[in-house]
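Here is the structure we will look at.
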Amino acid sequence: MNWVQRKIYLYNVTFGLYMLDWWERCLFNTLVVVLLWFVFFNVSRYLMEFGKSVVPGIYGESWRKNRPGLFPSG
(Lines give C-alpha, C1' and ligand atoms only; values in the text may rest on other atoms or scores of the structure.)
Protein backbone atom coordinates (compact mmCIF):
# COMPACT_ATOMS: atom_id res chain seq x y z
CA MET A 1 0.00 0.00 0.00
CA ASN A 2 1.56 3.28 -1.09
CA TRP A 3 1.26 6.66 0.65
CA VAL A 4 -1.80 7.88 -1.31
CA GLN A 5 -3.72 4.65 -0.74
CA ARG A 6 -2.89 4.85 2.97
CA LYS A 7 -4.23 8.42 3.17
CA ILE A 8 -7.43 7.46 1.34
CA TYR A 9 -7.86 4.50 3.68
CA LEU A 10 -7.27 6.74 6.71
CA TYR A 11 -9.87 9.23 5.38
CA ASN A 12 -12.42 6.44 4.85
CA VAL A 13 -11.86 4.97 8.31
CA THR A 14 -11.78 8.32 10.11
CA PHE A 15 -15.10 9.51 8.70
CA GLY A 16 -16.73 6.08 8.61
CA LEU A 17 -17.02 6.01 4.84
CA TYR A 18 -15.82 2.41 4.57
CA MET A 19 -19.29 1.16 5.59
CA LEU A 20 -21.18 3.22 2.99
CA ASP A 21 -22.17 2.25 -0.54
CA TRP A 22 -20.32 3.79 -3.47
CA TRP A 23 -23.09 6.34 -4.17
CA GLU A 24 -23.27 7.41 -0.51
CA ARG A 25 -19.50 7.88 -0.46
CA CYS A 26 -19.73 9.90 -3.66
CA LEU A 27 -22.47 12.11 -2.17
CA PHE A 28 -20.48 12.69 1.02
CA ASN A 29 -17.30 13.50 -0.91
CA THR A 30 -19.24 15.93 -3.13
CA LEU A 31 -20.55 17.74 -0.07
CA VAL A 32 -17.02 17.93 1.37
CA VAL A 33 -15.64 19.36 -1.88
CA VAL A 34 -18.42 21.98 -2.09
CA LEU A 35 -17.88 22.97 1.55
CA LEU A 36 -14.12 23.31 1.04
CA TRP A 37 -14.71 25.36 -2.12
CA PHE A 38 -16.93 27.79 -0.20
CA VAL A 39 -14.36 28.09 2.58
CA PHE A 40 -11.44 28.74 0.22
CA PHE A 41 -13.49 31.14 -1.92
CA ASN A 42 -14.53 33.25 1.06
CA VAL A 43 -11.05 33.18 2.59
CA SER A 44 -9.63 34.42 -0.70
CA ARG A 45 -12.22 37.23 -0.83
CA TYR A 46 -11.38 38.23 2.74
CA LEU A 47 -7.65 38.21 2.05
CA MET A 48 -8.16 40.38 -1.04
CA GLU A 49 -10.09 42.95 0.99
CA PHE A 50 -7.54 42.76 3.78
CA GLY A 51 -4.73 43.24 1.27
CA LYS A 52 -6.46 46.28 -0.19
CA SER A 53 -6.60 47.92 3.22
CA VAL A 54 -3.05 47.03 4.31
CA VAL A 55 -0.85 47.25 1.21
CA PRO A 56 -0.60 50.77 -0.21
CA GLY A 57 -1.50 51.26 -3.84
CA ILE A 58 -2.76 47.75 -4.49
CA TYR A 59 -5.02 47.39 -7.55
CA GLY A 60 -4.02 50.85 -8.72
CA GLU A 61 -5.91 52.63 -5.96
CA SER A 62 -4.23 55.44 -4.09
CA TRP A 63 -3.90 54.46 -0.45
CA ARG A 64 -3.41 58.04 0.71
CA LYS A 65 -6.48 59.25 -1.16
CA ASN A 66 -8.68 56.75 0.71
CA ARG A 67 -7.31 57.87 4.11
CA PRO A 68 -7.00 61.66 3.97
CA GLY A 69 -6.58 62.23 7.71
CA LEU A 70 -3.40 60.19 8.00
CA PHE A 71 -1.15 62.24 5.74
CA PRO A 72 -1.86 65.97 5.92
CA SER A 73 -0.54 67.89 2.97
CA GLY A 74 1.23 71.00 3.93
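The values are calculated or read from the model by the stated rules, or taken from the named source; none is laboratory data. Keep in mind the model is a prediction, meaning the values are calculated, not measured. Neighbour counts run over all protein chains shown; Cβ positions are idealised from the backbone, glycine included.
Would it be correct to say that residue 73 is modelled with pLDDT under 95 and in a helix (DSSP H, G or I)? Judged against the criteria, residue 73 is not a match.
Screening the candidates 65, 52 for the property of being of a type in the set (Lys, Arg), modelled with pLDDT under 95 and surrounded by 10 or more Cβ atoms within 10 Å (Cβ to Cβ) yields one hit, 52.
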